[in-house]
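What follows is one structure encoded as structure tokens, with my remarks underneath.
The values are calculated or read from the model by the stated rules, or taken from the named source; none is laboratory data. Everything numeric in this text was worked out from a predicted model, so none of it was measured. Cβ coordinates were reconstructed from backbone atoms using ideal geometry, including for glycine residues, and neighbour counts include every protein chain displayed.
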Amino acid sequence: MRTDLEIHWEIPPTPPGPLGRLERFMGPGKSRSESVVELVGAGGCAVLLAAGVWSSGIHRDWSALQSAVVVLIGLDLLGGILTNATNSAKRWYHRRDPGARRARLLFVGAHVLHLAAMGLVVLDGDRGWTLGNTALLLLAAVAVEFTPLHLKRPAAMALYSAVVVVGLFWLPVPSALAWFGPLFFLKLLVCHLVPEAPMERRRNA
């Protein structure tokens, strides 16, 4: 077992203004190594995703707007999965503060826009898909958020598995877009809503 690691919940100060708001949105105190993993990991996965979508040929049927939506959402999901899994994000969004729960749920709620963009723009106005996934997202997020702390991780995994299966069989998309549901719900239900102890190297090590 590593002995040079310890838990740090202390949130470092952030500057005022837009830069401080950005730091708080991403998670204050992000280490250089976390940033490197985010950039390399998200970049590598983005290349794989782009190659897969391109090889499918589905992009030939998309308008410029549809292509832009897919690119932006893909980048957001890949980057967001890694960002929300960092120590800095866990420390910030799961801090002991009455406003932390509201911040977590608002973050999740804002992603209804992703579903609207995919369903109404990329999937040519598929309201059933949009409303179905919105209901899954909000119900699962509330369930994870109000599950007792010691059960949040397995509850989130169970709900994540359930919504992915529902999406694959009852809310299907073209095969070249099958990545959306698993990545979308991974980012929000598992990476964002599940608290994890922010482990860091001992500061005097």
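Filtered by the rule that a residue be part of a helix (DSSP H, G or I) and surrounded by 13 or more Cβ atoms within 10 Å (Cβ to Cβ), segment 143-153 gives Ala143, Val144, Glu145, Lys152, Arg153. Looking at Phe184, Phe169, just one residue is surrounded by fewer than 16 Cβ atoms within 10 Å (Cβ to Cβ) and either outside any helix (DSSP H, G or I) or out of contact with any Asp or Glu (no Cβ under 6 Å at 6 or more places or on another chain) (or both), and that residue is Phe169. A search for C-beta distances below 8 Å between a residue of segment 167-196 that is more than 24 Å from Pro148 (Cα to Cα) and modelled with pLDDT under 95 and any residue that is of a type in the set (Ser, Thr, Tyr) and assigned to a helix (DSSP H, G or I), counting only pairs 6+ apart in sequence or on different chains, returns nothing. Taking the condition touching a residue at least 24 places away in the same chain (Cβ under 8 Å), acidic (Asp, Glu) and closer than 26 Å to Glu23 by Cα, does Asp76 pass? So Asp76 passes the test. Of the candidates Arg104, Arg96, the single residue that is modelled with pLDDT under 95 and either of a type in the set (D, E, K, R) or not in a helix (DSSP H, G or I) (or both) is Arg96.
Set side by side, the residues Met199, Met157 differ, and just one is surrounded by fewer than 17 Cβ atoms within 10 Å (Cβ to Cβ) and touching a His at 6+ places or on another chain (Cβ under 9 Å), which is Met199.
Out of all the residues in segment 19-41, is one or more touching a residue at least 12 places away in the same chain (Cβ under 8 Å), among the β-branched types (Val, Ile, Thr) and either closer than 29 Å to Leu105 by Cα or loosely packed, with under 15 Cβ neighbours inside 10 Å (or both)? Within segment 19-41 (the criterion being touching a residue at least 12 places away in the same chain (Cβ under 8 Å), among the β-branched types (Val, Ile, Thr) and either closer than 29 Å to Leu105 by Cα or loosely packed, with under 15 Cβ neighbours inside 10 Å (or both)), the answer is yes, since at least one residue qualifies.
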